[in-house]
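*Asks:* Sharing a structure below in structure tokens format, with a few things to ask.
The values are calculated or read from the model by the stated rules, or taken from the named source; none is laboratory data. For clarity, every value in this text was computed on a predicted model and none was experimentally measured. Glycine also receives a Cβ, built like all others from the backbone with ideal geometry; neighbour counts cover every protein chain displayed. Side chains are part of the model used for accessible areas, which takes the heavy atoms of the whole protein and leaves out ligands, DNA and RNA. Shrake-Rupley method; radii C 1.70, N 1.55, O 1.52, S 1.80 Å.
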Amino acid sequence: MDEIYNILKYFGSIQDKIAFRATVMLCQTGMRSSECIGIRLKDINMSEGWINIRHSKGRKRNIKKPISETLRSFLEADIRPEHENWYLDDGKGKLRWGASNAMAHFFRKTWNHLDVHRRQPVHGFRSFVATFALKGGASIYDVKNLLGHSTTKQTEGYANEGVLLPDTKAMINKTISKSISIPEFTKSFVVVNG
């Protein structure tokens, strides 16, 4: 939890809005980096409380990730220029990271700067979410569905690290929003393109 707080605080201090957005999304949903990179603003359905993931590992159909109360609050405060197309838009209508490995490289450098050494700098957010979900009482089946695994055996690999995988909006709101709240300092971090 302290690592997540520290990385959000760091991105806030250097005013890196895109990395801050990515961290919030990854910590609140447990999605893969490739899924996060591929989110278009029109894929975020605030009225129904879902994010449509068009390109998910091993899936040919779209999947929906629920929006937690904490994520909803963040997204509502995240003022975006009209010309932006992507959740991780560079401010000019293009993606900051074109591929997962570019995002991983960026986060690896950031973690190293914060003196946190991770084998998988972005994938660790999925472990974080899974851990909190399991510790919060989510079933292995709920976590399997949240993470998009085809079997519970895949999900069990996270059990030692901690896993969060509710398959309903209510479980997400109950478990994640209360366990992974965005720190108070983020309220002063205005997420707009400067």
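*Asks:* Largest first, how would 111, 50 line up by accessible area (1.4 Å probe)?
*Replies:* Values: 111 5, 50 65 Å².
In descending accessible area the options line up as 50, 111.
*Asks:* Per-residue accessible area for residue 72 at 1.4 Å probe radius, Å² rounded to 10?
*Replies:* Near enough 70 Å² of accessible area.
*Asks:* Just the Cα atoms of the range 1-125: what Rg and Dmax do they give in Å?
*Replies:* According to the Cα coordinates of the range 1-125, Rg and Dmax are 14.0, 40 Å.
*Asks:* Let me make sure I get this right: for the range 68-118, a, b and c are the square roots of the gyration tensor eigenvalues over alpha carbons, sorted descending. Under 1.5 in a/c it's rounded, otherwise prolate if a/b > b/c, else oblate. Which is it? Write out the running numbers ahead of the final one.
*Replies:* Working: a/c = 2.80, a/b = 1.44, b/c = 1.95.
Because a/c hits 1.5 or more and a/b fails to exceed b/c, the range 68-118 counts as oblate.
*Asks:* Order of 22-35, 140-153, 4-17 by packing, highest average Cβ count within 10 Å first? It would help to have the intermediate numbers written out before the result.
*Replies:* Numbers: 22-35: 23.7, 140-153: 18.7, 4-17: 16.6.
Most protected by this proxy first, the peptides run 22-35, 140-153, 4-17.
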